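Report on one structure; see the data block that follows.
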Ligand code: GLN
């Protein structure tokens with residue numbers, strides 16, 4: 001008996017029995033077919049088409065990697081973020097929808113006057129910087145990362161999308177001067193011993209973990225940001241689900257005013273920030 005899948009529908013059903021979600025199975029099959037992952041309507045219309053054996057094994061391999069925990073975005077090479085299609089791979093964190101909260105808030109506090117300056121620290125794929133640049137074409141956006149690999153990904157996303165974000169390699173504020181009207185960051189913030197990290201082994205650890213309480217990088221950024229902000233400029237930070245209190249406390253202690261937090265789509269306080277009051 002031959003139990004090899006013979007139609008696209010058969011292949012999808014077989015993949016579902018391994019625990020793959022329906023939408024992800026469809027996206028991976030489209031990718032294996034060399035089609036855009038958004039062509040689900042095509043797939044529905046063609047699900048009785050015969051499946052080529054080479055494509056069938058390509059799909060089975062992708063499905064197995066997904067079931068083993070690899071991010072879908074690394075398998076398809078693409079992630080939608082704030083309406084942009086970004087190319088991502090294992091060199092960068094897979095951008096999360098939660099981070100769109102940071103972009104929304106940043107757009108809200110960016111001064112309306114022309115050409116505000118923005119710094120995105122630890123840009124990874126470039127997601128936040130590129131979304132801000134796309135929404136505010138007049139902004140002068142600098143995006144940094146410590147990882148040269150990440151900068152290569154971000155740079156190629158910027159070129160492909162035609163967005164004039166500038167990039168620099170930097171360890172947080174090292175070598176950066178400013179002042180900036182807005183500083184944003186989605187730094188690593190998971191505690192080193194957090195069991196949650198075990199599920200994230202495909203992503204760069206340096207983009208995820210940050211010391212015993214997960215706050216090492218947030219602490220550094222908050223301590224050093226004031227000197228690089230214009231008077232009244234905002235520092236906005238993404239953080240872990242249980243870190244809003246610690247982060248707002250650190251912001252207040254560092255001299256920020258109007259300190260507040262914002263919830264993500266799941267209702268979790270995901271970002272905190274404050275305004276720098278020029279001491280002069
Ligand atoms: N939000 C991610 C997670 O918990 C972590 C991202 C980060 O550390 N910046 O899976």
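Rule-based calculations on the coordinates, nothing more; no lab input. This is a predicted model, so every value here is computed, not measured. Glycine gets a Cβ as well: all are built from the backbone with ideal geometry, and neighbour counts include every protein chain shown.
Looking at 116, 97, can you tell me which residue is surrounded by fewer than 23 Cβ atoms within 10 Å (Cβ to Cβ) and within 14 Å of the ligand (Cβ to nearest atom)? Show your work before the answer.
Numbers: 116 fails: within 14 Å of the ligand (Cβ to nearest atom).
The unique qualifying residue is 97.
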For this session: Taking residue 225 as meeting all but one of (1) free of Cβ contacts under 8 Å to residues at least 60 places away in the same chain; (2) more than 21 Å from residue 89 (Cβ to Cβ); (3) within 12 Å of the ligand (Cβ to nearest atom); (4) not in a loop (DSSP other than H, G, I, E, B), write down the number of the exception.
Result: (3)
Seminar exercise, completed: Here the residues within region 172-182 that are out of contact with any helix residue (DSSP H, G or I) (no Cβ under 7 Å at 6 or more places or on another chain) and surrounded by 13 or more Cβ atoms within 10 Å (Cβ to Cβ) are 181
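Tell me which strands (runs of 3 or more DSSP E) are completely within region 49-159 and hold 3 or more residues being without any contact (Cβ under 8 Å) to a residue 60 or more places away in the chain, or say none if there are none.
Details: elements: 78-81, 84-87, 117-121, 140-145.
Strands (runs of 3 or more DSSP E) meeting the threshold: 78-81, 140-145.
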Problem set entry | region 185-203, subset within 10 Å of the ligand (Cβ to nearest atom) and more than 22 Å from residue 101 (Cα to Cα), residue surrounded by the fewest Cβ atoms within 10 Å (Cβ to Cβ) | 199
Problem set entry | Close pairs from region 248-268: first at positive phi, partner exposed (fewer than 12 other Cβ atoms within 10 Å of the Cβ), Cβ under 9 Å, at least 6 apart | 255/279
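Has region 22-30 got any residue that is out of contact with any helix residue (DSSP H, G or I) (no Cβ under 7 Å at 6 or more places or on another chain), more than 30 Å from residue 235 (Cα to Cα) and assigned to a helix (DSSP H, G or I)? Steps first, please.
As a first pass, look at region 22-30 and keep what is out of contact with any helix residue (DSSP H, G or I) (no Cβ under 7 Å at 6 or more places or on another chain): 23.
In the following step, the residues that additionally are more than 30 Å from residue 235 (Cα to Cα) were identified as 23.
From what's left, assigned to a helix (DSSP H, G or I): 23.
Yes, region 22-30 contains at least one residue that is out of contact with any helix residue (DSSP H, G or I) (no Cβ under 7 Å at 6 or more places or on another chain), more than 30 Å from residue 235 (Cα to Cα) and assigned to a helix (DSSP H, G or I).
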